[in-house]
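> Dropping the structure in here first, questions after.
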Amino acid sequence: MKHFIRALAALAASVTLLAAPASAQSDYPNKPIRVVVTFPPGGSTDVVMRMLVPRLTEKLGQQIVVDNRPGAGGNIGLAIVAKAPADGYTIGVGAAGGLSANVSLYPNMPFDPARDFKPVTMVAAIPFVIVGHPTLAARNQRELLALAKATPAKLSIGHGGNGTAMHLSAQLFSQMSGVQFVEVAYKGSGPAALDVLGGQVPLAVVDLPSALQQIKAGKLIAYAVTSPQRLPMLPDVPTVAEAGLPGYDSTGWFGVVAPAGTPPAVIARLNAEITAALNDNDIKTNMRNLGVEPAPGTPAEFEAYIKSETVKWGKVIKTSGMKLD
């Protein structure tokens, strides 16, 4: 009888231990959630996430704290998330660099994107635009590439920083066109666009918010957009593929990830609430006014997309020979 009682007590203890995490999941969240954004305040990623915060706070019933941790192409912020407890109270917002390209760019990564994160959902797609100064002797992409081929390795093209999606877009443009440009790295899309506007650099790959008003004012030439479809805000500007490089597609993106091992129920709750917020008509309108397209999906879809982007950019980086410290 004593052995039976001991066995029963042990069974009861094990059931209690198993029930505790389930209970913790069922009342998630019961304290504030920290969202580590791997970009500085004021950028499109930061603005969009802060746009979602009031809706998420209301639906989750807890304070959402945005923690900006930019640097190293997203590695600094994502390293914090990778090392956080897998309980859903620290999540991260990463982009093409930190979640897909950096494994091919950096010889010493502080985390493994495929192993250390559980994708929650993609948040947005960010198309880029290739812009030039109006004094440049090229009115369209074909003329631009002809000019660049006539002056090999002399035409400069700016981008938003080494390892960024804009940098990779410039590399893909160069590789697919067979044209060698002189790349100029900036600390963000805005400074790159400003230097084209001022004539310090003739070309740049920038995000839409940095250049839209200047394009509409005729102060910048928009040669092509990098996305596979034309943009509603620039309906007359062709895609790079339409303008002569079939198959070209380079769209920036960012999404939410949680530490690996985060309970499926927590991932599902986060996915449901973020997706609902991204489908809100007012939020969608405000995002599109920024030049950002809402792109919610399932965790599985986001995971598959990250894998495909890792393969794609790995090939581009290997061909270019790029490496970053």
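Throughout, read-outs are computed from the coordinates displayed, never taken from laboratory work. Just so you know, these numbers come straight off a predicted model, no measurement behind them. Every residue, glycine among them, receives a Cβ derived from its backbone with ideal geometry; neighbour counts consider all protein chains shown.
> Placing +1 at every Lys and Arg Cβ and -1 at every Asp and Glu Cβ, with all other atoms neutral, what dipole size does the chain have around its Cα centre, in debye to the nearest 20? The partial results should precede the final answer.
Numbers: 27 positive and 22 negative charges, 80 e Å.
The calculated dipole for the chain is roughly 380 debye.
> Dividing the alpha-carbon radius of gyration of the chain by 2.2 N^0.38 Å (N being the number of residues), what value is obtained?
On the way: Rg = 22.7 Å, N = 325, 2.2 N^0.38 = 19.8 Å.
Here the Cα radius of gyration is 1.15 times the empirical estimate.
> Also, I was wondering about something else. Over the stretch 127-225, what relative contact order in percent results from Cα pairs under 8 Å that are six or more residues apart? All intermediate terms of the calculation are to be shown ahead of the outcome.
Numbers: 184 pairs, mean separation 44.0, N = 99.
Relative contact order comes out at 44 percent.
> Nearest 5 percent is fine: what portion of the DSSP beta bridges confined to the chain is antiparallel? Intermediate values should be presented prior to the final figure.
Values: 25 of 41 bridges.
Given both bridge residues lie in the chain, the antiparallel proportion sits at roughly 60 percent.
> Give me the base-10 log of I(q)/I(0) for the stretch 22-150 at each q in 0.12, 0.17 Å⁻¹, Debye formula, one uniform scatterer per Cα, rounded to two decimals.
So the normalised log intensities are -0.59, -0.93.
> When the Cα centres of the stretch 183-250 and the stretch 128-146 are compared, how far apart do they sit, in Å?
10
> Output ³J(HN,Hα) for the stretch 278-288: one whole-Hz value per residue in order, computed from phi by the Karplus curve 6.51 cos²θ - 1.76 cosθ + 1.60 with θ = phi - 60°, and x for Gly and Pro.
Here the 3J(HN,Hα) series is 5, 8, 5, 4, 5, 5, 4, 4, 5, 5, 5 Hz.
> What is the sum of charges, Lys and Arg at +1 and Asp and Glu at -1, for the other residues whose Cβ falls under 11 Å from the Cβ of LEU147? Provide the component values of the computation, followed by the final result.
Working: positive: ARG139, ARG142, LYS149, LYS154; negative: GLU143.
Net charge in that neighbourhood comes out at +3.
> Starting from the Cα gyration tensor of the stretch 127-225, multiply each eigenvalue by 5, take the square root, and state the resulting semi-axes largest first in whole Å. Please report the intermediate quantities before stating the final value.
Details: eigenvalues 64, 50, 26 Å².
Listed largest to smallest, the semi-axes of the stretch 127-225 are 18, 16, 11 Å.
> Test of the criteria: in the stretch 250-325, which trypsin sites (Lys or Arg not before Pro) are in a DSSP loop and have at most 15 other Cβ atoms within 10 angstrom of their Cβ?
On the way: sites: ARG269, LYS284, ARG288, LYS307, LYS312, LYS315, LYS318, LYS323; in loops: LYS323.
Passing sites in the stretch 250-325 are LYS323.
> Roughly what % antiparallel, to the nearest 5, for the DSSP beta bridges in the stretch 127-225?
Rounded to the nearest five, the antiparallel share is 60 percent.
> Tell me which trypsin sites (Lys or Arg not before Pro) from the stretch 136-203 have a DSSP coil assignment and no more than 13 other beta carbons within 10 Å of their own. Don't jump to the answer; show the numbers that get you there.
Details: sites: ARG139, ARG142, LYS149, LYS154, LYS187; in loops: ARG139, LYS154, LYS187.
Passing sites in the stretch 136-203 are ARG139, LYS154, LYS187.
> Explain nothing, just the number: relative contact order of the chain, from Cα pairs under 8 Å at least 6 residues apart, as a whole percent.
Values: 611 pairs, mean separation 82.4, N = 325.
The normalised contact order for the chain reaches 25 percent.
> Related question: Once you have the Kirkwood Rh of the stretch 264-311 from its Cα pairs, apply Stokes-Einstein at 37 °C and 0.692 mPa s and quote D in µm²/s. Don't skip to the answer; put the middle values down first.
Values: Rh = 11.9 Å.
Translational diffusion coefficient: 275 µm²/s.
> Of all alpha-carbon pairs in the stretch 235-314, indicate the percentage at a distance above 21 angstrom.
On the way: 1490 of 3160 pairs.
Result for the distance tail: 47 percent.
> Then there is this: Using a 7 Å offset from the Cα along the Cα-to-Cβ direction at both THR285 and VAL65, what is the distance between the two label points in nm, to one decimal?
Label-label distance for THR285 and VAL65, simple model: 3.4 nm.
> Then there's this: What does the stretch 195-288 give for Rg and for Dmax, in Å, if only its C-alpha atoms count?
My reading of the Cα-based Rg and Dmax gives 18.1, 53 Å.
> Cβ under 15 Å from ALA193's Cβ, ALA193 left aside: what net charge do those residues give with Lys, Arg +1 and Asp, Glu -1? Before the final figure, lay out each step's value.
Numbers: positive: LYS187, LYS216, LYS219; negative: ASP195, ASP207.
Around ALA193, the charge tally is +1.
> Would you kindly state how much longer the chain becomes between ILE76 and ASP27 on full extension, computed as 0.36 nm times their sequence separation minus their alpha carbon distance, in nm to one decimal? Before the final figure, lay out each step's value.
Numbers: separation 49, 0.36 × 49 = 17.64 nm, distance 3.06 nm.
Taking ILE76 through ASP27 to full extension adds about 14.6 nm, to one decimal.
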